[in-house]
Each structure stands twice: as structure tokens, then as C-alpha cells.
1. Within the group A:61, A:98, which residue is touching a residue at least 40 places away in the same chain (Cβ under 8 Å) and either farther than 30 Å from residue A:177 by Cα or not in a strand (DSSP E or B) (or both)?
2. Are any of the residues in region A:249-261 more than 14 Å from every other protein chain (Cβ to nearest Cβ), touching a residue at least 40 places away in the same chain (Cβ under 8 Å) and more than 19 Å from residue A:388 (Cβ to Cβ)?
3. Could you tell me whether region A:162-176 includes any residue that is touching a strand residue (DSSP E or B) at 6+ places or on another chain (Cβ under 9 Å) and surrounded by 13 or more Cβ atoms within 10 Å (Cβ to Cβ)?
4. So how many residues does region A:313-340 have that are farther than 21 Å from residue B:119 by Cβ and either at pLDDT 95 or above or facing another protein chain (nearest Cβ under 8 Å) (or both)?
5. Counting just the residues of region A:309-332 that are touching a residue at least 40 places away in the same chain (Cβ under 8 Å) and surrounded by 21 or more Cβ atoms within 10 Å (Cβ to Cβ), which one comes out farthest from residue A:263 (Cα to Cα)?
6. Please list, ordered by residue number, the helices (runs of 4 or more DSSP H) wholly in region B:200-265 having 2 or more residues that are touching a strand residue (DSSP E or B) at 6+ places or on another chain (Cβ under 9 Å) and under 21 Å from residue B:19 (Cα atoms).
7. Would you confirm whether any residue within region B:132-150 is buried (at least 22 other Cβ atoms within 10 Å of the Cβ), within 14 Å of another protein chain (Cβ to nearest Cβ) and touching a strand residue (DSSP E or B) at 6+ places or on another chain (Cβ under 8 Å)?
8. Are there any pairs, at least 6 apart or on different chains, whose C-beta atoms fall under 8 Å, with the first in region B:90-113 and facing another protein chain (nearest Cβ under 7 Å) and the second surrounded by fewer than 21 Cβ atoms within 10 Å (Cβ to Cβ) and assigned to a strand (DSSP E or B), and if so, which?
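The values are calculated or read from the model by the stated rules, or taken from the named source; none is laboratory data. The model shown is predicted, which means the values in this text are computed figures rather than measured ones. All Cβ positions, even for glycine, are placed from backbone atoms using ideal geometry, and neighbour counts span all protein chains on display.
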């Protein structure tokens with residue numbers, strides 16, 4: 001197509017007429033440009049499809065139908081509820097009774113069947129009990145509660161549940177929706193921004209309304225601290241040694257080949273290695289961000305080493321010669337001249353490696369960070385590292401595997417948050433590269 | 001091996017700065033420098049000429065052990081500076097390079113300010129006790145590099161922002177800032193235009209007052225203009241070493257004559 005054999009007859013005729021050979025070459029060039037454009041279009045199309053589907057499925061996770069009710073608990077009611085076997089159930093009954101009387105006071109023309117009201121509410125009993133046990137001074141005074149409505153009611157607000165799809169559902173009946181409509185008109189059930197989703201912890205399998213990603217964000221954060229603290233110094237030191245100091249022999253060749261190979265090892269292999277070495281052999285705590293971070297460090301190291309070596313290689317040898325020429329030692333040459341010039345590349349590589357580690361799920365499966373339900377924030381820095389926790393991608397995986405449709409939308413919402421973190425990291429990488437880039 | 005011409009040996013006795021004897025350099029299996037013996041004099045510009053790949057740059061880089069940075073490079077024989085064998089185990093190449101400065105083919109200022117470019121060497125060698133002393137060293141070096149007047153008002157500007165000729169003079173100033181005794185120049189003008197070349201050549205002639213200057217060049221006119229001694233290398237051998245005027249007017253070896261008249265190389 002593009003061979004340039006010169007044995008054809010010399011070109012005849014005017015320069016203003018295009019000969020066949022030139023036409024052919026121009027056509028080939030046009031075709032090639034068209035292929036490129038088509039490839040870019042296909043890529044963009046899939047990107048748009050991805051973004052739209054993530055946003056469409058994920059945005060509902062950021063709102064939640066809430067029941068807003070004022071509720072007063074007397075001391076006697078508190079004592080009695082605490083003395084019962086099913087304590088949360090007792091609280092729930094008290095709350096339902098209170099809600100019922102309020103509805104009657106307002107004169108809403110709907111049936112106030114306690115069973116129906118129970119179906120509208122999410123996990124109310126435990127929330128109320130926790131609140132009064134933590135704030136005993138509020139017993140006897142009116143407290144304003146924002147309680148998550150049940151998953152079906154939430155779905156009704158988001159269009160996920162309709163009257164047609166509710167047939168044969170034992171969680172919510174069609175007639176209950178009339179009650180929901182009435183309560184929504186009265187301002188008792190409202191759809192509000194779901195802060196709990198961003199800041200909260202995971203919930204039980206039957207309570208998607210209470211699920212939040214906040215605690216696993218903390219888990220991911222502590223993992224990233226471990227990854228950064230270990231992989232950056234080890235990776236950069238390894239690269240500097242291999243690139244600037246190590247003699248070229250079979251041993252360093254072997255190391256080089258192995259580092260390249262490590263970068264291609266499936267992450268689940270690192271996971272099982274982590275399980276065998278860190279948990280079974282070294283007896284580090286299971287499901288802990290410390291172990292997760294160690295495993296992800298193993299995974300990130302090759303990335304950082306390869307990118308650091310590439311940026312060290314990109315520093316022109318003339319700079320090294322200049323430094324050696326004025327009598328700098330090898331180490332002074334590296335630390336005064338080569339490393340500062342390679343820094344933007346190293347930073348970029350590190351942040352990309354961290355972003356990769358942040359989104360990694362497979363190794364976490366094997367060290368028990370998936371499926372663990374962290375209900376509370378770690379109490380301090382140390383417990384942040386060693387207390388069992390989950391991580392963002394692991395949390396998303398857990399939600400996606402749960403039956404309730406409410407969790408499905410939470411999984412998509414979690415992906416949005418994960419992507420926001422990844423985008424932020426990449427933007428930081430770009431800014432750092434722009435800022436520290438120096439010309440020579 | 002080639003005999004050093006008799007009259008050189010006589011003058012060399014008086015003021016020899018570098019004495020190389022039977023130097024062999026190997027790159028892996030490649031024998032790059034064969035049996036080179038030469039005596040380089042103080043306060044003299046010595047030019048190394050020869051066709052590409054003849055080993056002149058390799059030999060130059062042996063004189064401050066820059067070849068140490070190449071793993072497969074091996075140097076045999078003796079190179080003495082002021083009587084000390086620079087390949088002795090006790091010699092630290094860092095100290096050696098402070099004493100034997102080098103200017104490279106392509107101007108290679110550090111991507112730092114003009115001031116920091118000059119001050120770097122004195123700083124790492126601890127030559128200044130305070131800022132005032134360092135300022136003085138920087139000014140002296142820039143003056144010796146014949147670039148002070150052009151940059152004195154913008155010492156904090158990046159060295160990479162200067163023109164090619166200015167950059168090369170900055171690099172020469174950087175090399176002299178560490179107070180070396182020998183200055184090695186590896187084709188210092190090959191990346192410069194004729195005007196910048198003329199300035200650098202003038203500078204080289206001035207530097208001769210204080211240093212032994214060794215310059216590798218591809219330009220025979222340049223060798224003739226700036227040097228007092230010329231060594232002609234060919235295929236790793238030192239073919240001829242003599243006064244520059246001798247080499248260019250009355251070469252002993254037929255290869256030298258062929259090269260300077262443009263028939264080989």
C-alpha cells in the first residue's frame with residue numbers, strides 16, 4: 001500500500017494535475033485518518049455509555065425516602081421496653097403507635113393499620129433504642145426523628161417500585177402505596193439527600209436504607225497510607241539502585257525480568273500470598289487495612305519501580321556527566337540532579353499506582369476484607385490500621401451481591417464515589433506533573 | 001608503539017602535568033585505545049585530533065576517570081598527574097574530578113539558575129565558608145569564563161535560558177569554579193556557531209595561563225588556531241604527537257599528512 005519503489009517511469013505532465021500514484025497515496029492517508037477517527041468514536045461512545053449508565057443507576061443512591069416524625073418517649077415506656085425480650089420490637093411498636101396517633105390528629109383519610117405502617121418503615125426500633133440509650137437525658141422530651149423508610153417505599157419514590165410490580169410482594173402491598181402517597185402529601189415521608197450513604201457504615205442485608213460507604217472509605221484511606229508509606233520509599237530506592245548504581249550482570253538482569261513479570265501477575269495471586277504470609281504465617285489480624293495495604297503494596301511496587309526507572313532513564317545523561325564532571329559523587333549526582341528532574345514522573349507513577357490499588361478488589365477477597373460489615377468508625381489511628389474494616393471496591397462488591405434491589409443502586413452509587421476519588425487522584429497527578437516539570 | 005619525538009621528551013622534563021604510559025582501554029572485547037603514551041604539559045593547549053571513532057574522546061575521558069561510569073570499560077597502563085597514578089586504588093575519582101575539570105561536547109548547564117550552576121561545584125567541595133565567599137567565587141569563575149558581563153544582572157535566571165554559546169561559556173566557568181589544574185574539553189565548539197566558537201577559542205587561549213588545557217576537536221583549523229601541541233589519533237593509536245606547527249606543516253607520519261590534507265577521516 002505504501003511501498004515506495006522508484007522503478008516506475010518518471011512522472012510526466014504538469015504539477016497541477018494529480019497523477020494516479022499520488023492519488024492512491026492520498027487516498028491511503030485519508031483512509032488511515034478515517035480509521036483513527038472511527039476508533040476514537042467507538043471509544044468515546046463506550047465511555048459515554050459507561051458514564052450515563054453509572055450515573056443513571058448510581059444517582060438514586062444519593063437520595064433516601066425518610067419518615068420525619070416527632071416522638072416522645074417517657075421514662076416508664078423506656079423502662080418497660082428495656083425489660084422485654086424483643087427490645088427493638090417494643091420500641092418499634094411504641095413508635096408506630098405514636099405515629100398512628102399523630103396521623104389521626106391530622107385527620108388523614110387513610111387506614112392506619114399498624115401492620116401497614118410497619119411495612120413502610122425501615123429498621124426503626126434499633127435506631128430509636130440506640131438514640132435514647134446514648135442520650136438518656138432526652139427521655140421525656142419530644143425528639144425529632146428522620147428515619148429511613150423501607151426499601152420498597154424508597155424504591156416507590158425513585159420509580160423502581162410501581163403499583164404493577166408490587167403484586168405478590170410480601171414486603172409491601174398495593175394498598176400501602178395509598179398511605180405512602182397520603183403521608184408524602186402531608187410531608188411526613190420525604191425524599192431527601194442521603195448523607196448517611198456518604199458518611200455512614202454498612203448495614204444488615206435487609207436494610208439498604210441504612211447502608212453507607214463512609215467507613216469503607218476510611219478503610220481504603222488507611223490501606224492507601226500503608227501502600228504509600230511502603231511502596232514509595234522501597235520502590236524509589238530500588239529503582240535508583242538498579243538504574244544508577246547496580247552493575248550490569250546476570251543477577252540484575254534477572255531482577256529486572258522478574259519486576260516486569262511481577263507487574264503482570266494477577267492480583268488474586270498477591271491476595272493468596274498475603275493470606276498465606278501475612279495472616280496464616282505472621283498472624284496479622286484478618287480483614288485489617290494493614291494487611292490489605294501490605295498486599296496492595298506488593299501489587300503496586302512493580303508499577304512504581306517501572307515508572308520510576310522510566311523517569312530516571314529519561315533524565316539526559318549529559319546532566320549526570322555535568323555533575324560528575326565538577327566532582328560530585330555518584331550519590332550527590334543522583335540526589336541533587338537526577339532525582340529532582342525525575343520527580344514529576346515518579347509522582348505521577350506513584351499516584352497512578354495508588355489509584356490502581358484503590359480500585360483493586362480481588363486480593364481483598366482472600367484476606368477477608370470483603371463481606372465484613374464494619375458498623376463503626378475506627379476509634380483511633382492504630383485501630384484504623386488493625387481493626388477489621390472493608391474497602392470501597394470490596395463494599396461495592398458486597399452490595400452488588402445482596403438480594404435487595406436497594407443495595408444494587410447503592411453499589412452503583414459506591415462506584416460513583418470510587419470514581420470521584422480516582423479522578424481526583426489523577427487530576428492531582430496531572431497538576432503535580434505540570435508544576436514540577438522542568439525543561440532542560 | 002610509537003616513539004615520542006626526541007625534542008618533546010626534552011621539554012617535557014621541565015613541566016609535565018600529565019604523563020600517560022602504555023595506556024590500553026577496552027570496551028568489553030573492543031580494544032579502543034592501544035599503547036598510548038603521551039606527556040601533556042602545563043600552561044599549554046594540547047589538541048587531540050583524528051577521525052571519528054579513533055579514540056581521542058575515550059582517551060580524554062580516561063584523564064578524569066569519566067570512563068568509570070561505563071561498566072564494560074577497562075583501563076590499563078599508567079596515567080600520572082603530578083606524579084600520582086590516578087588509577088591507584090587510593091585515588092577517589094571525586095577528588096580527581098575536582099582537580100581535572102571537564103567541558104562537554106553539548107552545553108549541559110544544570111536546569112538551575114546561573115548562580116547555582118557555578119556555585120554547585122564549590123558548594124559540594126566546601127570551598128566557601130559563607131555566602132560572600134561563594135559570591136566571590138561565582139563572580140571570579142564567570143569572569144574567567146568570559147561571560148560575567150553578559151549575565152551579571154540576571155544571576156538568578158535559569159542557565160538553560162542562555163544561548164548555545166553562552167551556555168558553553170557558562171559550562172567552562174562552572175568547570176573552572178572548582179579551581180582545577182587541568183581542563184579537559186571534549187569538542188567544546190561542535191554545537192556552536194562561528195561567532196560563539198571564536199569567543200570560546202579566545203577564552204581557551206586565556207585559560208592556558210592558569211591550566212593545562214586538553215581539547216578534542218574535529219576541526220583542524222581549530223586545533224591549529226588554539227593549540228601549541230597536537231596529538232593525532234588513528235584507530236586507537238597515537239600516531240603522532242608534536243608541536244602544532246610541526247604537525248600541520250611537517251608531519252612525520254604519512255597518515256597524519258593524509259588526515260590533515262583531507263584524504264582520510
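1. On the way: A:98 fails: touching a residue at least 40 places away in the same chain (Cβ under 8 Å).
A:61 is the lone residue from the list that is touching a residue at least 40 places away in the same chain (Cβ under 8 Å) and either farther than 30 Å from residue A:177 by Cα or not in a strand (DSSP E or B) (or both).
2. yes
3. First pass over region A:162-176, keeping only residues touching a strand residue (DSSP E or B) at 6+ places or on another chain (Cβ under 9 Å): none.
No: region A:162-176 contains no residue that is touching a strand residue (DSSP E or B) at 6+ places or on another chain (Cβ under 9 Å) and surrounded by 13 or more Cβ atoms within 10 Å (Cβ to Cβ).
4. So the answer is 1.
5. Filtering region A:309-332 for residues that are touching a residue at least 40 places away in the same chain (Cβ under 8 Å) and surrounded by 21 or more Cβ atoms within 10 Å (Cβ to Cβ), the one farthest from residue A:263 (Cα to Cα) comes out as A:312.
6. Numbers: elements: B:220-226, B:244-249, B:254-260.
The qualifying helices (runs of 4 or more DSSP H) are B:244-249.
7. To start, the set of residues in region B:132-150 that are buried (at least 22 other Cβ atoms within 10 Å of the Cβ) comprises B:138, B:141-142, B:145, B:147.
Checking which are within 14 Å of another protein chain (Cβ to nearest Cβ) leaves us with B:138, B:141, B:145.
Checking the rest, the ones that are also touching a strand residue (DSSP E or B) at 6+ places or on another chain (Cβ under 8 Å) come to none.
No, region B:132-150 has no match at all.
8. Cβ pairs passing all conditions: B:111/B:158.
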